[in-house]
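Engineer: What follows is a structure written as structure tokens; I'll ask about it next.
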């Protein structure tokens with residue numbers, strides 16, 4: 001799976017975005033947590 005990663009510097013959370021469906025996102029304290037949330 002391909003995804004984009006952003007870091008919200010205000011909350012210090014990673015945001016993972018599915019490039020084929022930008023409404024599908026995941027957030028987490030680590031990239032791994034954000035990807036796991038995206039895959040739910």
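Residues checked against (1) without any contact (Cβ under 8 Å) to a residue 12 or more places away in the chain; (2) surrounded by 10 or more Cβ atoms within 10 Å (Cβ to Cβ):
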{"position": "4", "(1), (2)": "no, yes"}
{"position": "7", "(1), (2)": "yes, yes"}
{"position": "11", "(1), (2)": "yes, yes"}
{"position": "16", "(1), (2)": "no, yes"}
{"position": "23", "(1), (2)": "yes, no"}
{"position": "30", "(1), (2)": "no, yes"}
{"position": "33", "(1), (2)": "no, yes"}
{"position": "36", "(1), (2)": "yes, yes"}
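Engineer: Exactly one of (1) in a loop (DSSP other than H, G, I, E, B); (2) modelled with pLDDT of 95 or more is unmet by residue 1. Its number?
Structural biologist: Answer for residue 1: the failing condition is (2).
The values are calculated or read from the model by the stated rules, or taken from the named source; none is laboratory data. These numbers come from a predicted model, not from an experiment. Note that we place each Cβ from the backbone using ideal geometry, even for glycine, and neighbour counts take in every protein chain shown.
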